[in-house]
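Novice: Below is a structure I'd like to ask you about.
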Amino acid sequence: MSSGLGLIATLLALGAPGAGAARAPVAGSARVLRVRDEGRVHFVRSSGSQIIDEGPIGGTLRGSTRVRFTYDGSPDVGARFVIWGSGWSLGGYASGRLSNPASPDPSFRGSLTLTSGSGRYAHAQGSGELFGVFNRRSYGLIVQAIGKLHY
């Protein structure tokens, strides 16, 4: 995965059991930003099937993220995330499926939905695809997000 991509997904404060349909852009939202991000986040703590990771993200959006990644041993994974930078934040959820569940570093792919924002991204909404790798030894994640942000 190229490290130039900044992950909105690491924007994943992981934990959502499933992704729903993205909401329509807020009335009056005039800007659309195509986002391509990547993040390498490290393990902070866990509770049951929820793993909390944090770290920097880069690409279109540069900042930090906290992800609540839900993994219970099944091929289905989920996440809730918050991403923030100087004077702004974005929040949302993602869901996906491991493509190689028996691997020590399974990859996953799924969808992500942005549901909230603050600062310059107040009332933000968006959707896209999420790609990543989950390291079972370190509980770290490499996440890439590609999508559109309406604000």
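The values are calculated or read from the model by the stated rules, or taken from the named source; none is laboratory data. Since we're looking at a predicted model, the values are computed, not measured. Backbone-built Cβ (ideal geometry, glycine too); neighbour counts: all protein chains shown.
Novice: Tell me yes or no: at least one residue of the stretch 131-149 is among the hydroxyl-bearing types (Ser, Thr, Tyr) and closer than 18 Å to residue 31 by Cβ.
Specialist: Scanning the stretch 131-149 turns up no residue that is among the hydroxyl-bearing types (Ser, Thr, Tyr) and closer than 18 Å to residue 31 by Cβ.
Novice: Search the stretch 92-138 for residues being in contact with a His (Cβ under 8 Å, 6 or more places away or on another chain) and either of a type in the set (A, V, I, L, M) or touching a residue at least 40 places away in the same chain (Cβ under 8 Å) (or both), and hand back the single one that is nearest to residue 77 (Cα to Cα).
Specialist: Applying the filter and picking the extreme gives 138.
Novice: Criterion first (more than 11 Å from the chain's Cα centre (by Cα), surrounded by fewer than 16 Cβ atoms within 10 Å (Cβ to Cβ) and modelled with pLDDT under 95) does residue 19 satisfy it?
Specialist: No; evaluated as a whole, the condition is false for this residue.
Novice: Among the numbered criteria (1) over 15 Å from residue 51 (Cα atoms); (2) crowded, with 20+ Cβ neighbours inside 10 Å, which one does residue 107 miss?
Specialist: All conditions pass for residue 107, except number (2).
Novice: Only one of these is within 21 Å of residue 149 (Cα to Cα), polar (S, T, N, Q) and over 15 Å from the mean Cα position of the chain (by Cα): 86, 111, 95. Name it.
Specialist: 86 is the lone residue from the list that is within 21 Å of residue 149 (Cα to Cα), polar (S, T, N, Q) and over 15 Å from the mean Cα position of the chain (by Cα).
Novice: What pairs come up if the first residue lies in the stretch 43-72 and is farther than 18 Å from residue 112 by Cα, the second is of a type in the set (D, E, K, R) and loosely packed, with under 14 Cβ neighbours inside 10 Å, and their beta carbons are under 6 Å apart, counting only those six or more places apart or on different chains?
Specialist: 49/72
Novice: Further question: Filter the stretch 117-130 down to the residues that are under 13 Å from the mean Cα position of the chain (by Cα) and surrounded by fewer than 21 Cβ atoms within 10 Å (Cβ to Cβ) and list them by number.
Specialist: 127, 129
Novice: Additional query: Is it the case that the stretch 94-102 has a residue that's part of a loop (DSSP other than H, G, I, E, B), over 30 Å from residue 30 (Cβ atoms) and aliphatic (A, V, I, L, M)?
Specialist: To start, the set of residues in the stretch 94-102 that are part of a loop (DSSP other than H, G, I, E, B) comprises 99-102.
Those left that are additionally over 30 Å from residue 30 (Cβ atoms): 99-102.
Next, only the ones that are aliphatic (A, V, I, L, M) stay: 102.
Checked the stretch 94-102: at least one residue is part of a loop (DSSP other than H, G, I, E, B), over 30 Å from residue 30 (Cβ atoms) and aliphatic (A, V, I, L, M).
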